[in-house]
Amino acid sequence: MRQLAWLATATLLFCTLVAFNGWPALRDLASNREWRAQQVQSGAGSLKGLHITVTEQAAAIAEPRPERAAVHVRLQIRVTPEARDAWKDCRVSLRDPHGRVWMPLASANTDGAIKMLSSDGRNFGPCSLYRRDEQAGEETIQADQLFLMPSDGLQGLRLYVSGVGTRPDALSFAIEPAIRRLR
Amino acid sequence: MIRLRHVLPIVLGACALGAMMATTPDFNSVFRPLRTTAPNGAAAHGRLLAVRFADWQTAQQLSFERYGATVMRDTQGVFLVVEFDISDVRESVRLAAAWQGRSGRRYDQTKRVDDAPSTVDTRQFHPGLEDRGRAVFELPPDEIEGGTLLLARKGPNILDSELALTPPAGSPARHNKLLRLEP
């Protein structure tokens with residue numbers, strides 16, 4: 001009976017040690033994954049005080065490279081100071097039903113493509129919740145993202161939006177971009 | 001005999017503890033990426049993508065276009081230009097390339113050709129789009145033969161994949177006095 005008590009104590013201590021050491025790793029893993037996505041059907045959704053609307057979505061396929069499509073997505077984001085503090089930053093990605101993930105293009109060449117695909121010929125830049133003005137209260141900002149994808153993979157896409165402060169929670173929007181063929 | 005019964009468990013415990021301490025991996029070994037090695041001609045499959053060694057050549061001088069101006073680089077060693085085919089990408093990814101020479105020393109891609117066309121520092125690889133990448137190294141001539149190309153995700157890469165590609169036996173068939181890097 002005494003040996004059993006010792007064994008139980010040792011097992012309990014071992015489990016406590018594993019949980020104590022593993023907790024930061026688990027938190028780290030959770031802060032980078034989006035496994036609790038909130039499916040948004042209407043094109044607008046809220047998470048932790050941030051209200052996001054997908055206002056534009058378009059895909060362009062150029063004749064010289066018909067296997068590739070450039071997909072433009074514009075977001076309108078209503079930000080409050082509390083939401084900004086809760087989200088900390090903003091990450092946007094596209095996913096297909098097979099679990100493949102596309103991140104936005106991040107190069108100087110994307111500016112012209114976004115201006116060409118957007119309805120007003122403007123590029124508001126990538127999604128960022130950076131506080132431009134310390135006194136800023138509630139404000140509405142816009143963000144433009146450009147993705148490079150295979151042109152035969154534009155069906156069943158979902159746009160994921162999350163922040164360091166929300167993950168593993170994320171907003172997930174259904175995306176069906178109108179396709180423009182460029183010569 | 002009774003004394004031996006008391007001493008033996010202590011000696012065995014000390015031996016076991018010593019063995020564990022002697023074989024405990026160091027910090028770098030515990031957190032380094034998990035390497036997958038592919039023989040020449042075969043693709044190495046990692047968590048996010050697969051890569052195959054495609055071509056290699058050496059040069060004494062390199063030239064390329066950057067921001068509309070021609071840039072020339074020469075070296076006291078030799079430039080090694082390696083090309084590789086990317087496929088089966090699961091998530092948009094940026095890569096970091098290194099060359100591990102015969103001596104075991106590791107050489108990162110040279111910063112002197114940053115922003116040259118198609119080099120990995122300028123590229124992002126996306127799911128569904130087969131692509132070709134390029135890495136340029138500045139090496140002592142005796143580090144080329146018997147070396148290995150290493151590719152991993154750019155940035156922190158703890159316990160993620162590192163792909164090791166074996167080039168053809170011998171030295172590159174082509175040596176250029178001046179090699180122009182084209183897109």
Original post:
Do you know which of the residues in segment B:134-176 that are assigned to a strand (DSSP E or B) and over 13 Å from the mean Cα position of the chain (by Cα) is surrounded by the fewest Cβ atoms within 10 Å (Cβ to Cβ)?
Top reply: B:His175
Original post:
What number of residues in segment B:164-183 are farther than 21 Å from B:Ser118 by Cβ and of a type in the set (A, V, I, L, M, F, W, C)?
Top reply: 2
Subject >> In segment A:62-74, the residues that are touching a residue at least 40 places away in the same chain (Cβ under 8 Å) and either within 13 Å of chain B (Cβ to nearest Cβ) or touching a Cys at 6+ places or on another chain (Cβ under 6 Å) (or both) >> reply: A:Pro66, A:Glu67, A:Arg68, A:Ala69, A:Ala70, A:Val71
**OP:** Any chance you could count how many residues in segment B:26-46 are basic (Lys, Arg) and exposed (fewer than 15 other Cβ atoms within 10 Å of the Cβ)?
**Re:** 1
Subject >> Only one of B:Pro127, B:Pro117 that is closer than 25 Å to A:Pro150 by Cβ, over 16 Å from the mean Cα position of the chain (by Cα), within 14 Å of chain A (Cβ to nearest Cβ) and at pLDDT below 95 >> reply: B:Pro117
Original post:
Out of all the residues in segment A:159-170, is one or more of a type in the set (D, E, K, R), in contact with a Ser or Thr (Cβ under 6 Å, 6 or more places away or on another chain) and under 21 Å from A:Gln57 (Cα atoms)?
Top reply: no
Original post:
When you go through B:Ser118, B:Ser29 one by one, which is the residue that is at negative phi and of a type in the set (Ser, Thr, Tyr)?
Top reply: B:Ser29
**OP:** Mind checking which strands (runs of 3 or more DSSP E) fall wholly inside segment A:80-183 and carry at least 1 residues that are within 14 Å of another protein chain (Cβ to nearest Cβ), buried (at least 21 other Cβ atoms within 10 Å of the Cβ) and touching a residue at least 40 places away in the same chain (Cβ under 8 Å)?
**Re:** A:91-95, A:139-150, A:157-162
Subject >> Positions within segment B:67-93 being in contact with a helix residue (DSSP H, G or I) (Cβ under 9 Å, 6 or more places away or on another chain) and within 14 Å of chain A (Cβ to nearest Cβ), in sequence order >> reply: none
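The values are calculated or read from the model by the stated rules, or taken from the named source; none is laboratory data. Model, not experiment: these values are computed from the prediction. Virtual Cβ from ideal backbone geometry, glycine too; neighbours counted across all protein chains shown.
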